[in-house]
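Report on one structure; see the data block that follows.
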Amino acid sequence: MKRSDLTRIPVVKALLVNRWPQFILRIVALAGFVVAILAGLLGTPVGSRNLSIVFVWIAWWALLILAAVPLFGRGWCTVCPIPMAGEWLQNGALLGPRKRETGDQRSETSSNLQSLVSSLRLRPWPKRFRNIWLQNGGFLLLALFSAVVLTQPMVTAVILAAFLFLAVGAALIFERRAFCRYLCPVGGFIGLYSQVAPLEVRVRDTAVCAAHTDKTCYTGNENGYGCPWGVFPGGLIKNTYCGACLECLRTCPHDNIAIQIRPVGADLTVARGRKLDEAFKAFIMLGSAVVYSAVMLGPWGWLKTTAYSVGSLAWLGYALAFLLLILGALPGLFYLATWAGTAQRGNRRALRQRFTANAYALVPLGLMAWIAFSLSFVFANISYLWPVMSDPFGWGWDLFGTAALNWTPYLSRVVPALQTLVLVGGLAWAAGTARKIAAEKRGGTAVPVIIYCFFITVGLLWLLIG
Amino acid sequence: MKQQRLWLLFIVAIFGVAFAPLPLGTAVPTSRTVRLEASSFEFSPAVVAVNPGDQVTIELAATDVMHGLYLDGYDLEITAEPGQTAVLTFTADKTGTFRFRCSVTCGALHPFMIGKLKVGPNLLLWRSVALSLLAVLFFISREPLFVNREPLSVVRKPNAEYEIRNTEHGIRNTEHP
Ligand code: SF4
Ligand SMILES: [Cu+2]
């Protein structure tokens, strides 16, 4: 399929290059973020009456997983408020890059803050952590406490604040958006799933990049920062670590950056750059979708109470089972499936490579599992949004006259059918991807991986519409 | 030709599986009463099965705090004060499996307080499992079953002319015309 470049449309390009549209969206997001923290700290402890829970875990989550990730990949990261403060400090400016100072201007343009920050020597992120294992761990940790995190406004607030704090801290010690790239537990899975998005940032002509010795997209110039994600756009082959921050669009003097519409899932069949940490991210996400479906949407009260009673013996058992499933059973069985479908079974290294490669077939499966899970969760609970908009803290306010609106599930007759379509579609998508990945190597078959995906799908169907 | 017939077969099968009318069982409708105990955060019993056409009376007893019951698909709701019982009567005229949820904020896990009402067989589930099976068969039928065949399709070749390494993170360029 020919890719069409959105930046060829002048209005689109102008809107993307101009800093204001993105800045305004980010400011709005930042305001929402701060209000969510305040509501969590000061408002009612009843989750469904507190803006922090309803805003973050129902509204934001719905937008993220049902729209932003599948359609725009890292579109959320484009407007995410979490790294803003750190970026301001690093850049010494709210909008636009640091002024390049000439000698005699220095005293005028440098504020105290700026000189303070310039005196910090930002380090590159340590080599051994240049992967997403930390993000994998962070997500697992949050997932273990999810029953509490999702229901206690105070806990949600503390976690949101910790995100901000860590992001600023990382920005004062390390170069660029280190938090986003290596720490943010959300960013990790957004990156994994952004590989399926029908949009990509790429360069138009790599020869132009090769000839451009300055590589301003990486180093920055008067029009924008050097890539905040530490990625060289000329080398992009996948969406995973491109934060879609649009800086390269601003800094490239040769107009060589394109934002293209492309076939969905295009990155999954790019054989290069597949990694074990990403493969495990796929297992973690798929497994969490299964566990969440059972714990939160299943009919088992004891399971919910267990997941909620953090620290108790029962909870320890739950945590152990959770980790064993996600880090043991799921990858273990997948390894078996890989083994059964490989020609060179004796070769450990080749087998491990195939394992990693095959795991990319679980990306569409996992994303669709999350969408199916979220469909019932979100439509059943989004009506909590109207009262908390009027009464964000649960203090009896009525800002918009919607405080008294009753909870009512939406679309309860259609949601199960939608979930079916999503899950079966995800299975077909995963199976097709598995075939393409298997065909990369001589003499492999995707049949065992497809069967694995089938069983996961049947399990999810049973949990969600059974 | 053979390919086309296979496609046609699959498409017919998909529609058959998705929409074919199936008998719904022959049980004579009766009226039945189910007592549901609601406590934070579960219904007991959590799964209730009735036959299509039954006249169902649900007695919802809230044992600790106030709880409610909202029945998906039927869009019916009742609430029960603590220690009291509320009654809901309806005809189970829609078949399938329906979630019911607590409709009164009763504590932290309230949004997850969920049970199931089964009215006859869960055709949606069976149909979707059959559809999954069809999808899997479709892809498997196009895949070598044994592992010693030639690769099926040509893999995109990396561009040999330019290879730019991302100095920091080792991302390399492959696909550009
Ligand atoms: S990685 Fe995390 S903090 Fe960074 S932009 Fe994305 S969601 Fe926001
Ligand atoms: Cu409740």
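The values are calculated or read from the model by the stated rules, or taken from the named source; none is laboratory data. Predicted, not measured: the structure shown is a model, and the values here were computed from it. All Cβ positions, glycine included, derive from the backbone under ideal geometry; neighbour counts span all protein chains shown. SASA here: full protein model, heavy atoms, side chains in, ligands and nucleic acids out. Shrake-Rupley method; radii C 1.70, N 1.55, O 1.52, S 1.80 Å.
Taking segment B:15-55, how much of its Cα-Cα pair set, in percent, is spaced more than 12 angstrom apart? Here the tail beyond 12 Å accounts for 71 percent of pairs. Close amide H pairs (under 5 Å, H built 1.01 Å from N) link B:Gly68 with B:Ala80, B:Ser103, B:Val104, residues at least 5 positions away or on another chain. Ligands, DNA and RNA left out, the 1.4 Å accessible surface of segment A:1-52 is 77% carbon and sulfur atoms.
Counting only protein chains, not ligands or nucleic acids, how are A:Lys238, B:Lys94 ordered by accessible area (probe 1.4 Å), most first? Show your work: numbers first, answer last.
Numbers: A:Lys238 20, B:Lys94 65 Å².
The ordering from most to least exposed comes out as B:Lys94, A:Lys238.
With R₀ set to 56 Å, the beta-carbon distance separating A:Ala93 from B:Lys2 gives a calculated FRET efficiency near 0.30. Burial annotation for segment B:79-126: residues with an accessible-area loss of at least 40 Å² between the isolated chain and the complete set of protein chains, computed on heavy atoms with a 1.4 Å probe, are B:Arg99, B:Arg101, B:Thr105, B:Ala108, B:Leu109, B:Pro111, B:Phe112, B:Ile114, B:Lys116, B:Leu124, B:Leu125.
For segment A:281-398, what is Rg from Cα atoms divided by 2.2 N^0.38 Å, rounded to two decimals? Can you show the working numbers first?
Working: Rg = 19.7 Å, N = 118, 2.2 N^0.38 = 13.5 Å.
Relative to the rule-of-thumb radius for its length, segment A:281-398 sits at 1.46.
Ignoring ligands, DNA and RNA and using a 1.4 Å probe, state the total buried accessible area between A and B in Å², rounded to the nearest 100. Provide the component values of the computation, followed by the final result.
On the way: alone 21660 and 12640 Å², together 28260 Å².
Buried surface at the A/B interface: approximately 6000 Å².
Counting only DSSP beta bridges with both residues in the protein assembly as shown, the antiparallel share comes to about 70 percent. Convex hull volume of the Cα atoms of segment A:126-223, normalised per residue: 165 Å³. Isolated cysteines in chain A, defined as those with no second cysteine Cβ under 4.7 Å, comprise A:Cys77, A:Cys80, A:Cys180, A:Cys184, A:Cys209, A:Cys227, A:Cys242, A:Cys245, A:Cys252, A:Cys453.
What fraction of the DSSP beta bridges in segment B:31-120 is antiparallel, stated in percent and rounded to the nearest 5? List each step's numbers first, then the result.
Working: 23 of 35 bridges.
Just about 65 percent of them are antiparallel.
When the alpha carbon gyration tensor of segment A:168-259 is reduced to an equivalent ellipsoid, the three semi-axes, largest first, read 22, 17, 9 Å.
Remind me, what semi-axes does the protein assembly as shown give for its equivalent ellipsoid, largest first in whole Å, using sqrt of 5 times each Cα gyration tensor eigenvalue? Show your work: numbers first, answer last.
Values: eigenvalues 390, 237, 85 Å².
Over the Cα atoms of the protein assembly as shown, the ellipsoid semi-axes are 44, 34, 21 Å.
Against the empirical curve 2.2 N^0.38 Å, the C-alpha radius of gyration of segment A:1-45 lands at a ratio of 1.90. Rounded to whole Å, the principal axis extents of the Cα atoms in segment A:313-466 read 68, 39, 26, largest first.
Less than 5 angstrom separates the built amide H of B:Lys116 from those of B:Val47, B:Val48, B:Phe100, all sequence-distant by 5 or more or on a different chain. Here A:Tyr318 sits with roughly 30 square angstrom of accessible surface, probe radius 1.4 Å. Once backbone amide H atoms are built at 1.01 Å from N, A:Gly220 has A:Gly226, A:Cys227 as its partners under 5 Å, excluding neighbours fewer than 5 places away on the same chain. A viscosity of 0.692 mPa s and a temperature of 37 °C, combined with the Kirkwood radius over Cα pairs in Stokes-Einstein, give a translational diffusion coefficient for segment A:212-347 of 172 µm²/s.
Within the same chain, lysines fewer than 8 places from A:Lys275 are excluded, and of the rest, those with a Cα less than 22 Å from its Cα are A:Lys127, A:Lys238, A:Lys436, A:Lys441, B:Lys157. Dividing the summed helix terms, -39500 (n - 2.57) for each DSSP H run of n ≥ 4, by the number of residues in the protein assembly as shown produces a 222 nm estimate of -14000 deg cm²/dmol to the nearest 500.
Ordering A:Ser374, B:Ser31 from largest to smallest accessible area (1.4 angstrom probe), what's the sequence? Write down the numbers at each step before the final one.
Working: A:Ser374 0, B:Ser31 90 Å².
In descending accessible area the options line up as B:Ser31, A:Ser374.
Taking A:Leu276, A:Leu25, A:Leu303 and ordering them by how much accessible surface each has at a 1.4 Å probe, largest first, produces A:Leu25, A:Leu276, A:Leu303. In vacuo Debye scattering of segment B:31-120, one point per C-alpha: log10 I(q)/I(0) at q = 0.20, 0.22, 0.23 Å⁻¹? Debye intensities relative to I(0), on a log10 scale: -0.84, -1.01, -1.10.
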